[in-house]
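What follows is a short report on a single structure.
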Amino acid sequence: MDLTSYAELAVQLVNMGNELKDPFSLRALLEETGRTEAAARLTRRDIDALCELRDELAGVFASAADGDDADAVERLNGLLVRHPVHPQISGHDGQPWHLHLTEGGRVADALAVGSVMGLASVVTRLGVDRLGICQASPCRNAYLDTSSNRSRRYCSERCASRANVAAYRARKRGA
Ligand SMILES: [Zn+2]
Ligand SMILES: [Zn+2]
């Protein structure tokens, strides 16, 4: 399992907002990210559970963006308790033996374990400040800062250029 890709999934779940309630949107996201088996097994109950998870993950990003590391970590620790890992060694498709964090069970559980472990891995390897909220208001999308100089402030190129245009106009008005 690639934990960074699961940390990205956490970001994608948070940023789906209410679209997460739409099974077609969530199924499309899972398929786009190579999780076709999960997409096929997705149920209404999974979606309800993932909506709750989304709110909790959003809380982690909000605390991290506020610079409240202790609160972000406390929230993640709470999620780790509620979504315990059941690791299994797996070998398939000609790959060497590797760890799967969750086997079988519900789709929502597998995605929750992955997202939470993904964020825990980013926080412990790179730092809480790698989790952020887009600075181009009114956008409140979450992002993962994997840049080498921790310079990321926006969720997307689109928001970055929107913020640049706004700053340029503000400077012009001020001049
Ligand atoms: Zn595998
Ligand atoms: Zn944004």
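The values are calculated or read from the model by the stated rules, or taken from the named source; none is laboratory data. This is a predicted model, so every value here is computed, not measured. Neighbour counts run over all protein chains shown; Cβ positions are idealised from the backbone, glycine included. Protein only, heavy atoms only, side chains kept; ligands, DNA and RNA dropped before computing areas. Shrake-Rupley method; radii C 1.70, N 1.55, O 1.52, S 1.80 Å.
Restricting to region 150-167, count the residues that are open to solvent by less than 30 Å² (accessible area, probe 1.4 Å) and not aliphatic (A, V, I, L, M).
Of the residues in region 150-167, 2 are open to solvent by less than 30 Å² (accessible area, probe 1.4 Å) and not aliphatic (A, V, I, L, M).
How about region 62-82: which of its residues are open to solvent by 30 Å² or more (accessible area, probe 1.4 Å) and in contact with a Leu (Cβ under 8 Å, 6 or more places away or on another chain)?
Within region 62-82, ALA65 is the sole residue that qualifies.
With the requirement that a residue be free of Cβ contacts under 8 Å to residues at least 24 places away in the same chain and either of a type in the set (Gly, Ala, Ser) or touching a strand residue (DSSP E or B) at 6+ places or on another chain (Cβ under 6 Å) (or both), what does region 153-165 give you?
Hits for region 153-165 are SER156, SER161.
Among what's in region 86-107 and is open to solvent by 50 Å² or more (accessible area, probe 1.4 Å) and modelled with pLDDT of 90 or more, pick the residue that is nearest to ligand 2 (Cβ to nearest atom).
ARG106
Would you pick out the residues in region 31-40 that are part of a helix (DSSP H, G or I) and either without any contact (Cβ under 8 Å) to a residue 40 or more places away in the chain or open to solvent by 60 Å² or more (accessible area, probe 1.4 Å) (or both)?
Selection gives GLU31, GLU32, THR36, GLU37, ALA39, ALA40.
Which pairs turn up if I take residues in region 79-104 that are within 9 Å of ligand 1 (Cβ to nearest atom) and look for partners that are aromatic (Phe, Trp, Tyr) with beta carbon separation below 7 Å, at least 6 apart in sequence or on another chain?
GLY91/TRP97
Could you say whether any residue in region 133-149 is small (Gly, Ala, Ser), in contact (Cβ under 8 Å) with a residue 24 or more places away in the chain, within 16 Å of ligand 2 (Cβ to nearest atom) and surrounded by 12 or more Cβ atoms within 10 Å (Cβ to Cβ)?
Taking every residue of region 133-149 in turn, at least one turns out to be small (Gly, Ala, Ser), in contact (Cβ under 8 Å) with a residue 24 or more places away in the chain, within 16 Å of ligand 2 (Cβ to nearest atom) and surrounded by 12 or more Cβ atoms within 10 Å (Cβ to Cβ).
Condition first: at positive phi and either within 16 Å of ligand 1 (Cβ to nearest atom) or at pLDDT below 90 (or both). Now tell me which residues in region 2-37 satisfy that.
Correct list: GLY34 only.
Just the residues that are more than 9 Å from ligand 2 (Cβ to nearest atom) and either out of contact with any helix residue (DSSP H, G or I) (no Cβ under 9 Å at 6 or more places or on another chain) or closer than 18 Å to LEU9 by Cα (or both), please, taken from region 153-170.
Answer for region 153-170, where residues must be more than 9 Å from ligand 2 (Cβ to nearest atom) and either out of contact with any helix residue (DSSP H, G or I) (no Cβ under 9 Å at 6 or more places or on another chain) or closer than 18 Å to LEU9 by Cα (or both): GLU157, SER161, ASN164, VAL165, ALA166, ALA167, TYR168, ARG169, ALA170.
Give the residues of region 1-27 that are without any contact (Cβ under 8 Å) to a residue 24 or more places away in the chain and open to solvent by 40 Å² or more (accessible area, probe 1.4 Å), sorted by residue number.
ASP2, GLN12, ASN18, GLU19, ASP22, PHE24, ARG27 - these are the residues of region 1-27 that are without any contact (Cβ under 8 Å) to a residue 24 or more places away in the chain and open to solvent by 40 Å² or more (accessible area, probe 1.4 Å).
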